[in-house]
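Engineer: First, the structure itself, so that you have it in front of you.
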Number of protein chains: 2
Amino acid sequence: MTNTIDQPTRADATSRVERAGGAARVAAQRLAVLTRADKDAALHALADALLAATDRIVAANEADLARGRESGMAEGLQDRLRLDPERVAAIVEALRQLAGLPDPVGDIVRGSTLANGLQLRQIRVPMGVVGMIYEARPNVTVDAAGLGLKSGNAMILRGGSAAADTNRVIVGVLREALAQQGIPADAVQLLDGGHEDVNALITARGLVDLVIPRGSDRLIQAVVQGATVPVIETGVGNCHVYVDAAADLDQAVAIAVNSKTHRPSVCNAAESLLVHRDIADAVLPALYDALTSAGVVLHTDQRAGEIAGRHGTPYTPATEDDFGTEYLDLQLSVAVVDDLDAAIAHIGRYGSGHTEVIVTADRAAARQFVARVDAAVVAVNASSRFTDGGEFGFGAEIGISTQKLHARGPMGLQELTSTKWVVEGDGQVR
Amino acid sequence: MTNTIDQPTRADATSRVERAGGAARVAAQRLAVLTRADKDAALHALADALLAATDRIVAANEADLARGRESGMAEGLQDRLRLDPERVAAIVEALRQLAGLPDPVGDIVRGSTLANGLQLRQIRVPMGVVGMIYEARPNVTVDAAGLGLKSGNAMILRGGSAAADTNRVIVGVLREALAQQGIPADAVQLLDGGHEDVNALITARGLVDLVIPRGSDRLIQAVVQGATVPVIETGVGNCHVYVDAAADLDQAVAIAVNSKTHRPSVCNAAESLLVHRDIADAVLPALYDALTSAGVVLHTDQRAGEIAGRHGTPYTPATEDDFGTEYLDLQLSVAVVDDLDAAIAHIGRYGSGHTEVIVTADRAAARQFVARVDAAVVAVNASSRFTDGGEFGFGAEIGISTQKLHARGPMGLQELTSTKWVVEGDGQVR
């Protein structure tokens, strides 16, 4: 697939994806029965091959970067795209760490013996063929290939066109290394045609078992709207930190500042601060000082704005849009709420179901918040930044699901598996 | 919703579904925090109310049946539609049994304490709002409402137009009984507009968390193709019984006959018989005798046909289509295969991923079959008819999933839940 000439017509894309999907299904049959030892050895072989190909990967990446600069790519995007020997080494190290993780395939989820003597067990099996649609960062190409291999899935990758040369070299290296390990090269394929390839991939029912889009909200929505194969939606995090009436002041400041400023460009960063009115006068000045010292621009509702005004903190009145916005930047909406119910209602209205934080010393308030807020992760007295596969101890992450079906929150190897029921008997009939 | 006049335009349907979805979301917030005791008491109240309304339900059902007869509805469909006092009592009893089942909501799936002291737990929570699209049988209306209530989900039901009067009376009774229990009536709603309602329901992103279609392949495919909300595909079962070279003859006959004839109209009935060539001459005559005695019509490949011919068994040569057909009737395709690999390849080509059976005394063959056949249920020496939520001990079933995402195989209460991560700390930041 990696050398197919791009002919952006629908029929070509469909036949390209059908070929890729058919080859992936065959590869998946083999992957499904590999032992953990086979897969771990292959992961180390992939790591060795990538390391040995560092110069070629960096050269291809320089070509992508040059094309990006010519077309006026923003500095931030150029940085996400850039691979130097140090970054290649980090990607390689991540593959080796993957080899050290437990293999979810074959795990018994539950089991029982029925009254008629039938023995029942539900075991984890690979999904089969997984499509992954993503944007700039070429490290996702290696991560996805590695997670796919470890979980026994054949991966059809569709990276961003900005990283086309880098991805083509990386996937070529991975495929060659797989073949040398006796594993079908088609376990990892790259689709590098136009947008028609994406459309063909997300409608390839019977060939593709799951598609995971990862990137901008626009990309994710386009995939969700157009797909007929099952999708796991990742993504948008309009995360709130709610400072309750019974909050510890120091904890509130530390958690709000960390949630907002530790890495503002990622989905688990906080975008909105809610403060109980009984504590607003006492806590907002300190929060404002800490946040503005860190460079955060505040978009305040009326009551939060009044306190900012009295304290001499610069602020902009928030619009309705502000509360629904994932800034991914050093900006924060701030509102004073009447009580816990109002905070939960506000989060229900504007939240994206990603991560919601309460800061409180009040046990009843914490229990109410945890029970009633509908999100992938609900945190009490902890930064929103902990919503992460690495932090949760998964060892690797393919994305953070904000949907409720199959996987919710950080997705690791286990979330890339399905299950199969095995029934064993001695001739039982009904 | 139950009294809305049907105006089959897209805009009307969209606003109808938006109203229903909004009301369902509000109801779902309340359902999510009900205790098991509350929900079980409500289930018994629903059962009492339905029993007391038996006459009205049966009268409405007679109106549906009369309309069906006038429009030439087949006898079999009329039987599926029919409710008499005995059937109402059975439906009511199923609700009471649901009250006796454990509540999945609040179960801790996994948990840990991280190095930084954060306590992590993944708990089961309701999905939220679940849409259910189904066909003739009005007992599904009550089952779905009961499963929804027990799992804390608000249900938007879209039954078949053939059962419109019956469903309208049933849902009216359920809503009134819910309200009397202090539970929002909008926890159970019925959409009874035209097909535009279905389209609006399956594209109501943000209002509906999950849609489950249950019925004909045509219905399920239409939902899967048109949906933008997550779907669990239920359904088609092109199930095989493979009689291995090392099969016990009596077991092979008992399992093949039971799998095919115990209830031919359901998805876990066998549709195809594969026999290893080494045992074909020895086993097929007995299989043919038993199957034809039970009224089964045989569609044979060349080798299976030759044996039938020599034995004097009537047969029809199978076409390529026969092997891909879910007959749901006393018909069976039969093929002789060269070996286990050929059986697995045949199932991979024609199977629908529902239930696949091997009959064998050979441990290695059983292990290969279990490992390599890609289906929701793989059975060794047992009838395909055991793929059933009741048989598996789930106590109730909302359908049998043939997809790999979220739920695979029989779906009970647990499969109607999502999860939420709860993170508890003492001010931890990154």
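The values are calculated or read from the model by the stated rules, or taken from the named source; none is laboratory data. Bear in mind that the values here come from a model prediction, so they are computed numbers and not experimental data. So basically every Cβ, Gly included, is an ideal-geometry build from the backbone, and we count neighbours across all protein chains shown.
Engineer: Determine whether residue A:429 is over 22 Å from residue A:246 (Cβ atoms), of a type outside the set (Lys, Arg), in contact with a helix residue (DSSP H, G or I) (Cβ under 6 Å, 6 or more places away or on another chain) and within 11 Å of chain B (Cβ to nearest Cβ). Full working, then the answer.
Structural biologist: Numbers: over 22 Å from residue A:246 (Cβ atoms): yes; of a type outside the set (Lys, Arg): yes; in contact with a helix residue (DSSP H, G or I) (Cβ under 6 Å, 6 or more places away or on another chain): yes; within 11 Å of chain B (Cβ to nearest Cβ): yes.
It is true that residue A:429 is over 22 Å from residue A:246 (Cβ atoms), of a type outside the set (Lys, Arg), in contact with a helix residue (DSSP H, G or I) (Cβ under 6 Å, 6 or more places away or on another chain) and within 11 Å of chain B (Cβ to nearest Cβ).
Engineer: Look at residue B:265 and say whether it is of a type in the set (S, T, N, Q) and either in contact with a Pro (Cβ under 6 Å, 6 or more places away or on another chain) or in a loop (DSSP other than H, G, I, E, B) (or both). Outline the logic, then answer.
Structural biologist: Values: of a type in the set (S, T, N, Q): yes; either in contact with a Pro (Cβ under 6 Å, 6 or more places away or on another chain) or in a loop (DSSP other than H, G, I, E, B) (or both): yes.
Against the criterion (of a type in the set (S, T, N, Q) and either in contact with a Pro (Cβ under 6 Å, 6 or more places away or on another chain) or in a loop (DSSP other than H, G, I, E, B) (or both)), residue B:265 qualifies.
Engineer: Quick test for you: out of B:257, B:188, pick the one residue that is crowded, with 19+ Cβ neighbours inside 10 Å and within 13 Å of chain A (Cβ to nearest Cβ).
Structural biologist: Numbers: B:188 fails: within 13 Å of chain A (Cβ to nearest Cβ).
Sole residue among the options that is crowded, with 19+ Cβ neighbours inside 10 Å and within 13 Å of chain A (Cβ to nearest Cβ): B:257.
Engineer: While we're on this one: Do you know which of the residues in the range A:191-210 that are away from every other protein chain (no Cβ under 14 Å) and outside any helix (DSSP H, G or I) is modelled with the highest pLDDT?
Structural biologist: For the range A:191-210, the residue satisfying everything is A:191.
Matching residues to (1) more than 23 Å from residue A:211 (Cα to Cα); (2) more than 14 Å from every other protein chain (Cβ to nearest Cβ):
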residue	(1), (2)
A:20	no, yes
A:32	no, no
A:46	yes, yes
A:51	yes, yes
A:56	yes, yes
A:78	yes, yes
A:93	yes, yes
A:136	no, yes
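Engineer: Also, quick follow-up: Tell me which of these residue B:225 doesn't satisfy, since it passes every other one: (1) part of a helix (DSSP H, G or I); (2) crowded, with 20+ Cβ neighbours inside 10 Å; (3) touching a Ser or Thr at 6+ places or on another chain (Cβ under 7 Å); (4) not charged (D, E, K, R).
Structural biologist: (2)
Engineer: Hey, among B:189, B:180, which residue is over 23 Å from the mean Cα position of the chain (by Cα) and touching a residue at least 40 places away in the same chain (Cβ under 8 Å)?
Structural biologist: Details: B:189 fails: over 23 Å from the mean Cα position of the chain (by Cα).
Answer to the selection: B:180.
Engineer: Sticking with this one: Answer with yes or no whether residue A:201 is among the aliphatic types (A, V, I, L, M) and in the same structural domain as residue A:27 (by TED's automatic domain parsing). Give the derivation first.
Structural biologist: Details: among the aliphatic types (A, V, I, L, M): yes; in the same structural domain as residue A:27 (by TED's automatic domain parsing): yes.
For residue A:201, the condition - among the aliphatic types (A, V, I, L, M) and in the same structural domain as residue A:27 (by TED's automatic domain parsing) - is met.
Engineer: Which condition number in (1) within 11 Å of chain B (Cβ to nearest Cβ); (2) closer than 30 Å to residue B:405 by Cα; (3) not in a loop (DSSP other than H, G, I, E, B) is the one that residue A:240 fails?
Structural biologist: Exception for residue A:240: condition (1).
Engineer: Could you please give the count of residues in the range A:338-378 that are under 24 Å from the mean Cα position of the chain (by Cα), at the interface with another protein chain (Cβ under 8 Å from one of its Cβ atoms) and of a type outside the set (Val, Ile, Thr)? Step through it out loud before you land on a result.
Structural biologist: Going residue by residue through the range A:338-378, those that are under 24 Å from the mean Cα position of the chain (by Cα) are A:347-358, A:370, A:373-378.
Now narrow it down to the ones that are at the interface with another protein chain (Cβ under 8 Å from one of its Cβ atoms): A:348, A:370, A:374-378.
Those still in the list that are of a type outside the set (Val, Ile, Thr) too: A:348, A:374-376.
So the count comes out to 4.
Engineer: In the range A:32-89, what residues are among the β-branched types (Val, Ile, Thr) and without any contact (Cβ under 8 Å) to a residue 40 or more places away in the chain?
Structural biologist: Filtering the range A:32-89 down to residues among the β-branched types (Val, Ile, Thr) leaves A:33, A:35, A:54, A:57-58, A:88.
A:33, A:35, A:54, A:58, A:88 - these are the residues of the range A:32-89 that are among the β-branched types (Val, Ile, Thr) and without any contact (Cβ under 8 Å) to a residue 40 or more places away in the chain.
Engineer: Pairs only if they're at least six apart or on different chains, beta carbon under 6 angstrom, first in the range A:309-331 and within 12 Å of residue A:297 (Cα to Cα), second of a type in the set (Asp, Glu) and modelled with pLDDT of 95 or more; list them, first residue then second.
Structural biologist: Going by the 6 Å Cβ cut-off, the qualifying pairs are A:318/A:301; A:327/A:271.
Engineer: Still on this structure, I have one more. Give the residues of the range A:379-422 that are facing chain B (nearest Cβ under 7 Å), more than 19 Å from residue A:105 (Cβ to Cβ) and touching a residue at least 60 places away in the same chain (Cβ under 8 Å), sorted by residue number.
Structural biologist: Hits for the range A:379-422 are A:381, A:382, A:383, A:385, A:386, A:403, A:405.
Engineer: So residue A:114 fits all but one of (1) in contact (Cβ under 8 Å) with a residue 60 or more places away in the chain; (2) within 14 Å of chain B (Cβ to nearest Cβ); (3) touching a helix residue (DSSP H, G or I) at 6+ places or on another chain (Cβ under 9 Å); what number is the exception?
Structural biologist: Here residue A:114 meets the rest and fails (1).
Engineer: What about residue A:280, is it within 14 Å of chain B (Cβ to nearest Cβ), buried (at least 19 other Cβ atoms within 10 Å of the Cβ) and without any contact (Cβ under 8 Å) to a residue 60 or more places away in the chain?
Structural biologist: no
Engineer: Take residue A:164 and tell me if it is assigned to a loop (DSSP other than H, G, I, E, B) and away from every other protein chain (no Cβ under 11 Å).
Structural biologist: Details: assigned to a loop (DSSP other than H, G, I, E, B): no; away from every other protein chain (no Cβ under 11 Å): yes.
Taking the combined requirement at face value, the residue does not satisfy it.
Engineer: Let me ask you something else. Quick one: count up the residues across the range B:243-253 that are in contact (Cβ under 8 Å) with a residue 60 or more places away in the chain, surrounded by fewer than 23 Cβ atoms within 10 Å (Cβ to Cβ) and part of a helix (DSSP H, G or I).
Structural biologist: Looking only at the range B:243-253, we keep the residues that are in contact (Cβ under 8 Å) with a residue 60 or more places away in the chain, and these are B:243-248, B:251-252.
Of the ones still in play, those that are also surrounded by fewer than 23 Cβ atoms within 10 Å (Cβ to Cβ) are B:245-246, B:248, B:251.
Filter once more, so that each one left must be part of a helix (DSSP H, G or I): B:251.
Qualifying residue count for the region: 1.
Engineer: Could you run through the range B:80-122 and say how many residues are among the basic types (Lys, Arg) and exposed (fewer than 12 other Cβ atoms within 10 Å of the Cβ)?
Structural biologist: Of all residues in the range B:80-122, those among the basic types (Lys, Arg) come to B:80, B:82, B:87, B:96, B:110, B:121.
Those left that are additionally exposed (fewer than 12 other Cβ atoms within 10 Å of the Cβ): B:110.
Here the count works out to 1.
Engineer: Condition first: of a type outside the set (Phe, Trp, Tyr), in contact with a Leu (Cβ under 6 Å, 6 or more places away or on another chain) and either within 14 Å of chain B (Cβ to nearest Cβ) or more than 30 Å from residue A:148 (Cβ to Cβ) (or both). Can you find one or more residues in the range A:211-223 that meet it? Can you show your working first?
Structural biologist: Pass one, the range A:211-223, residues of a type outside the set (Phe, Trp, Tyr): A:211-223.
The next check asks that each one be in contact with a Leu (Cβ under 6 Å, 6 or more places away or on another chain); those that pass are A:213.
Going one step further and asking which of them are either within 14 Å of chain B (Cβ to nearest Cβ) or more than 30 Å from residue A:148 (Cβ to Cβ) (or both), we end up with A:213.
Yes, the range A:211-223 contains at least one residue that is of a type outside the set (Phe, Trp, Tyr), in contact with a Leu (Cβ under 6 Å, 6 or more places away or on another chain) and either within 14 Å of chain B (Cβ to nearest Cβ) or more than 30 Å from residue A:148 (Cβ to Cβ) (or both).
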